[in-house]
1. Could you list all residues from region 176-192 that are touching a residue at least 40 places away in the same chain (Cβ under 8 Å) and crowded, with 18+ Cβ neighbours inside 10 Å?
2. Does region 166-175 contain at least one residue that is surrounded by 21 or more Cβ atoms within 10 Å (Cβ to Cβ), among the aromatic types (Phe, Trp, Tyr) and part of a loop (DSSP other than H, G, I, E, B)?
3. Could we say that residue 153 is within 35 Å of the chain's Cα centre (by Cα) and either assigned by TED's automatic domain parsing to the domain that holds residue 166 or modelled with pLDDT of 95 or more (or both) here?
4. Pull out all pairs, ordered by first then second residue, where Cβ-Cβ is under 6 Å, the residues are six or more apart or on different chains, the first lies in region 137-153 and is without any contact (Cβ under 8 Å) to a residue 60 or more places away in the chain and over 19 Å from residue 191 (Cβ atoms), and the second is surrounded by 11 or more Cβ atoms within 10 Å (Cβ to Cβ) and of a type in the set (D, E, K, R).
5. Could you identify the single residue in 102, 116 that is at pLDDT below 95, in the same structural domain as residue 212 (by TED's automatic domain parsing) and at negative phi?
6. Given the condition charged (D, E, K, R), in a strand (DSSP E or B), touching a helix residue (DSSP H, G or I) at 6+ places or on another chain (Cβ under 8 Å) and in contact (Cβ under 8 Å) with a residue 40 or more places away in the chain, answer yes or no: does some residue in region 210-221 qualify?
7. Could you list, in sequence order, all residues of region 172-213 that are closer than 20 Å to residue 122 by Cβ and modelled with pLDDT under 95?
8. Quick one: is residue 157 assigned to a strand (DSSP E or B), touching an Asp or Glu at 6+ places or on another chain (Cβ under 8 Å) and surrounded by fewer than 14 Cβ atoms within 10 Å (Cβ to Cβ)?
Amino acid sequence: MNKKMGILIIIGLLILIGIGIYIYVKNTTSNSDEGANYEANRTSTETNTSEGENNSDNENATNTQENTSSEENQTNTSDSNTTPAPQIVEEQLSTFSTRIYSNDSNRNKNMEITISTLNGTIVKNGETFSFCNTVGPATSSKGYLEADIYDHNGKKKKGYGGGNCQVSSTLYNAVLAVPSLTVVERHPHSNHVPYVAEGKDAAVAYGSYDFKFKNETGNDIKIQGAIANGTVTMTLITLKAQ
């Protein structure tokens with residue numbers, strides 16, 4: 001009886017050992033398969049991520065190239081549509097000079113100030129030029145000095161801006177030489193002036209007498225003046241766009 005029980009116990013132990021070995025081997029194989037699957041999945045994920053990044057980089061590069069190309073095309077289109085600014089060619093339209101008859105330094109100074117103000121004045125085509133509005137009042141604050149002028153009765157007296165009428169009269173004669181410049185306003189002096197022929201003077205006095213002309217030449221014109229060698233010279237220059 002005891003011998004049979006011992007044999008049964010040994011057989012039971014062997015069976016338990018066999019079952020334990022079987023379970024161990026199975027678990028080991030299962031863990032190995034799961035590790036292999038995890039590694040495979042991780043590798044696949046990294047591969048997909050790398051491919052996605054490469055695709056994204058390629059798409060970005062393509063988009064960048066397309067945007068650059070688009071900007072270049074826009075720049076080229078803009079450049080091709082830009083119209084170059086016309087060149088302005090200056091041509092003398094007319095000029096006129098008058099002799100300075102007086103040695104009065106104040107009078108000469110006044111004319112220099114007025115010519116300096118007039119120089120470079122642009123009279124656009126169709127516009128009317130006003131001598132008084134351009135030069136403004138002759139005041140001591142602007143550097144004008146007292147010199148001979150005529151009053152309404154033709155009497156000489158001292159006044160600021162004496163000499164300006166020689167500048168306006170010289171300009172008037174330059175305007176008369178151009179048929180397409182129309183005199184709008186002009187006043188004779190109350191007495192004879194020695195620097196122009198009778199009827200060719202243009203008296204100016206801010207607030208009362210003005211000299212005006214309208215530019216109908218078809219082009220803008222520029223006024224230039226100078227005092228040199230005892231003469232006052234006024235020149236009209238046409239500005240032609242080419």
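The values are calculated or read from the model by the stated rules, or taken from the named source; none is laboratory data. These figures come from a predicted structure and were not determined experimentally. Cβ sites come from the backbone with ideal geometry, for glycine too, and all protein chains shown count toward neighbours.
1. Of everything in region 176-192, just one residue is touching a residue at least 40 places away in the same chain (Cβ under 8 Å) and crowded, with 18+ Cβ neighbours inside 10 Å, namely 181.
2. No, region 166-175 contains no residue that is surrounded by 21 or more Cβ atoms within 10 Å (Cβ to Cβ), among the aromatic types (Phe, Trp, Tyr) and part of a loop (DSSP other than H, G, I, E, B).
3. Values: within 35 Å of the chain's Cα centre (by Cα): no; either assigned by TED's automatic domain parsing to the domain that holds residue 166 or modelled with pLDDT of 95 or more (or both): yes.
Against the criterion (within 35 Å of the chain's Cα centre (by Cα) and either assigned by TED's automatic domain parsing to the domain that holds residue 166 or modelled with pLDDT of 95 or more (or both)), residue 153 does not qualify.
4. Pairs found: 145/109.
5. The match here is 102.
6. In the first step, residues of region 210-221 are kept if they are charged (D, E, K, R); the result is 210, 212, 214, 216, 220.
This time we only want the ones that are in a strand (DSSP E or B), so: 212, 214, 220.
This time we only want the ones that are touching a helix residue (DSSP H, G or I) at 6+ places or on another chain (Cβ under 8 Å), so: 212.
If we keep only those that are in contact (Cβ under 8 Å) with a residue 40 or more places away in the chain as well, we get 212.
For region 210-221, residues charged (D, E, K, R), in a strand (DSSP E or B), touching a helix residue (DSSP H, G or I) at 6+ places or on another chain (Cβ under 8 Å) and in contact (Cβ under 8 Å) with a residue 40 or more places away in the chain: present.
7. Correct list: empty.
8. Here the answer is yes, as residue 157 does meet what is asked.
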